[in-house]
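So the structure is just underneath, and the comments pick up after that.
Rule-based calculations on the coordinates, nothing more; no lab input. These numbers come from a predicted model, not from an experiment. All Cβ positions, glycine included, derive from the backbone under ideal geometry; neighbour counts span all protein chains shown.
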Amino acid sequence: MIFNYKCLKYYLFISLISCNLNRDQDTIKNNQNSIMIPAFNQDSAYKNISDQVNFGPRVPGSEEHYKCKNYISKKLSNYCDTLILQDFEAVTFDNKILNSTNIIGSFSPNKAKRILLCAHWDTRPFADQDSINKNKPIIGANDGASGVGVLIEIARQFSILKPKIGVDIIFFDVEDYGQPDDSDLPRVDNSYCLGSQYWSNNPHKRNYFAKYGILLDMVGGEKAVFTQELASVEFAPKVLSKVWLTGIQLGFNDYFSFEKTGLIVDDHLYINNLSKGRVPTINIIEHDKKTKSKFYKHWHTHNDNIENIDRQTLKVVGQTLLHVIYNE
Ligand code: AHN
Ligand code: ZN
């Protein structure tokens with residue numbers, strides 16, 4: 001690469017940091033190699049979030065959901081090598097049949113060594129954790145748009161500087177149509193995460209395999225703390241350590257906590273269970289010890305809006321992921 005001032009502006013030259021990052025992994029290689037790692041742009045990620053929020057709630061089956069699908073597909077296709085729209089019919093706990101789509105962008109699709117990055121793109125049709133307007137859909141700035149916003153910015157960085165490994169970015173649909181706790185209908189198991197369940201049973205490529213997967217869920221809250229969630233610990237302990245240590249090396253100690261916390265039913269659980277070890281996947285999800293649910297304080301309420309999205313949290317998650325990926 002020709003090194004000019006413009007390049008300097010856009011990349012962090014991190015030979016020093018990468019030595020530190022990889023000290024206990026591969027000292028010799030990293031003493032010789034100096035790698036370029038792009039600087040994650042939190043303003044760009046934030047804009048990706050506000051664009052989604054501006055469509056309104058993205059409830060599966062709605063016009064807003066359809067428009068947002070086109071928006072995300074267009075953005076991702078600008079950056080990736082191949083885009084697959086995986087359409088399927090989801091049957092919800094209240095017996096609706098919804099036309100749904102997992103959006104899949106691949107970088108270097110033919111490389112065998114690859115990783116999976118994912119988030120859900122739909123938003124919840126109710127605000128069952130709110131005290132008012134419980135039956136109205138939430139705007140889902142954090143719960144829905146944040147993970148997508150960070151990953152679209154990461155995709156943009158990949159289009160400028162290709163990582164060595166292959167990457168698949170999957171935006172799962174119908175994650176958040178799960179049965180509310182106070183629902184009068186008979187209990188339905190596995191009512192959340194319908195898109196990731198579909199994909200895990202029907203991967204976009206036969207015998208799909210990835211070294212590991214990283215799920216982002218609610219990664220935009222101010223001063224978010226990411227703890228080590230049980231399914232991530234059980235299924236993908238090495239991945240979890242690598243990501244957390246990378247975050248700490250970058251100085252994000254306030255965000256990455258080594259505290260172990262309870263199992264969360266989320267897309268990573270289905271990827272881990274149904275892919276039978278083909279894609280050991282962790283979940284980066286805010287844990288708030290002050291709330292009853294232990295989720296983000298505005299979780300499934302109408303306050304999950306753009307005002308409560310914090311650019312620094314987006315930076316922490318995005319920069320950590322870029323460091324992990326470009327070190328592969
Ligand atoms: C449940 O509420 C069962 N799991 C959390 C998964 C989730 C919902 N993530 C975002 N919204
Ligand atoms: Zn949710």
Within the set of pairs 6+ apart or on separate chains, which have a first residue in region 117-145 that is in contact (Cβ under 8 Å) with a residue 40 or more places away in the chain and of a type outside the set (Gly, Ala, Ser), a second that is part of a helix (DSSP H, G or I) and within 13 Å of ligand 2 (Cβ to nearest atom), and C-beta atoms under 6 Å apart?
THR123/GLY144
Single residue of ILE84, ILE104, ILE72 found to be in contact (Cβ under 8 Å) with a residue 60 or more places away in the chain, of a type in the set (Val, Ile, Thr) and touching a helix residue (DSSP H, G or I) at 6+ places or on another chain (Cβ under 7 Å)
ILE72
Yes or no: ASP267 among the acidic types (Asp, Glu) and within 23 Å of ASN202 (Cβ to Cβ)?
yes
Quick one: which helices (runs of 4 or more DSSP H) lie wholly within region 157-252 and hold at least 2 residues that are within 16 Å of ligand 1 (Cβ to nearest atom) and under 29 Å from ASN308 (Cα atoms)?
194-201, 230-235
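If you check ASN303, ASN283, ASN308, which single one turns out to be within 16 Å of ligand 2 (Cβ to nearest atom), under 14 Å from VAL219 (Cβ atoms) and surrounded by fewer than 21 Cβ atoms within 10 Å (Cβ to Cβ)? Before the answer, list the steps.
On the way: ASN303 fails: under 14 Å from VAL219 (Cβ atoms); ASN283 fails: surrounded by fewer than 21 Cβ atoms within 10 Å (Cβ to Cβ).
That would be ASN308, the only listed residue that is within 16 Å of ligand 2 (Cβ to nearest atom), under 14 Å from VAL219 (Cβ atoms) and surrounded by fewer than 21 Cβ atoms within 10 Å (Cβ to Cβ).
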Exactly one of (1) out of contact with any Ser or Thr (no Cβ under 7 Å at 6 or more places or on another chain); (2) in a helix (DSSP H, G or I); (3) more than 16 Å from ligand 1 (Cβ to nearest atom); (4) in contact (Cβ under 8 Å) with a residue 40 or more places away in the chain is unmet by VAL279. Its number?
(2)
Looking only at region 294-328, count every residue that is part of a helix (DSSP H, G or I) and charged (D, E, K, R) and tell me the total.
3
Could you check ALA127 against (1) surrounded by 18 or more Cβ atoms within 10 Å (Cβ to Cβ); (2) touching a helix residue (DSSP H, G or I) at 6+ places or on another chain (Cβ under 8 Å); (3) under 19 Å from GLN52 (Cβ atoms); (4) among the aliphatic types (A, V, I, L, M) and say which number it fails?
(2)
Right, ALA231: touching a His at 6+ places or on another chain (Cβ under 8 Å) and aliphatic (A, V, I, L, M) or not?
yes
Have a look at ALA90, ALA119, ALA145 and point out the one that is assigned to a strand (DSSP E or B), within 16 Å of ligand 2 (Cβ to nearest atom) and within 16 Å of the chain's Cα centre (by Cα).
ALA119
In region 162-213, which residues are surrounded by fewer than 19 Cβ atoms within 10 Å (Cβ to Cβ) and either touching a strand residue (DSSP E or B) at 6+ places or on another chain (Cβ under 6 Å) or under 22 Å from SER77 (Cβ atoms) (or both)?
LYS162, ILE165, ASN202, HIS204, LYS205, TYR208, LYS211
